[in-house]
Amino acid sequence: MPLCPYAIIYINISEGDFMKYILGATVLILATACTSPGISSNNKVTNEIRVGLDNPAIRAFKYIDYTERTHRTELKELLDIDPVRTEWCAAFVNAVLEESGIVSNKNHKNPFTARAFLDWGQGISKEDIQPGDLVVFPRGNQGWQGHVGFYLKAEVLNGVTYYWILGGNQSNKVSIVMYRASKALGIRRESPI
């Protein structure tokens, strides 16, 4: 099989598992070989996301289903914080950016807060969003609280647009969750050098 300049990410979704914007998702990354678009190995049509091999979402996928309790040691080493004692979505994004060779937000005055990413990189409009962009959402009831993760794709359900977000500290693990697009506080992308 020929090598591809991109990765194909297949996300198989169990029907009926959508509850409170959360998807149970199984993710398979095929980063080295080309396959027929939209067809998985069992010939079922799946959702497909194509991203460049340098996209930080590819690095993030290797941590899917890491939980803060079962994988506490590995996550502590990756994040430089204890995921059981600290909200860790921003630390996860920082770690993945650094693994990808992208400047993280660790030098921000509040590097472990999601909303600090509203100051990172460059702002992107909802019309220009691409897989791997960071999306910041509100969370909690304090103005400084939030959530940040990697955008994968948009989906319209019953007339409402949702973003599939790959992130840390989503139900205490690395997972893919759907958030209402209208709730996004900001979309950010690495600034060009």
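The values are calculated or read from the model by the stated rules, or taken from the named source; none is laboratory data. Since the model is a prediction, treat every value here as computed from it, not as a measurement. Neighbour counts are summed over all protein chains in view; Cβ atoms, including those assigned to glycine, are modelled from backbone coordinates with ideal geometry. Please note that ligands, DNA and RNA were not included when accessible areas were found on the heavy atoms of the full protein model with its side chains. Shrake-Rupley method; radii C 1.70, N 1.55, O 1.52, S 1.80 Å.
Using label points projected 7 Å from each Cα along Cα→Cβ, tell me how many nm separate Glu99 and Asp119, to one decimal.
About 2.6 nm separates the two model spin labels.
I need the per residue convex hull volume for region 57-128, using only the alpha carbons, in cubic angstrom as a whole number. Spell out each step's value before the answer.
Values: hull volume 7.7 nm³, N = 72.
So the per-residue hull volume is 108 Å³.
For Arg50 and Lys106, compute 0.36 nm times the residue count separating them, minus their Cα-Cα distance, and round to one decimal in nm.
17.3 nm
Figure the gain on full extension for Glu77 and Leu157 (residue separation times 0.36 nm, minus the Cα-Cα span) and round it to one decimal in nm. Kindly include the intermediate steps, with their values, before the conclusion.
On the way: separation 80, 0.36 × 80 = 28.80 nm, distance 3.80 nm.
Between Glu77 and Leu157, full extension yields 25.0 nm more.
Computing the accessible area with a 1.4 Å probe over protein heavy atoms, can you report the carbon and sulfur percentage for region 69-139? Intermediate results must be reported in sequence, preceding the final value.
Values: 1590 of 3650 Å².
Its accessible area is 44 percent carbon and sulfur atoms.
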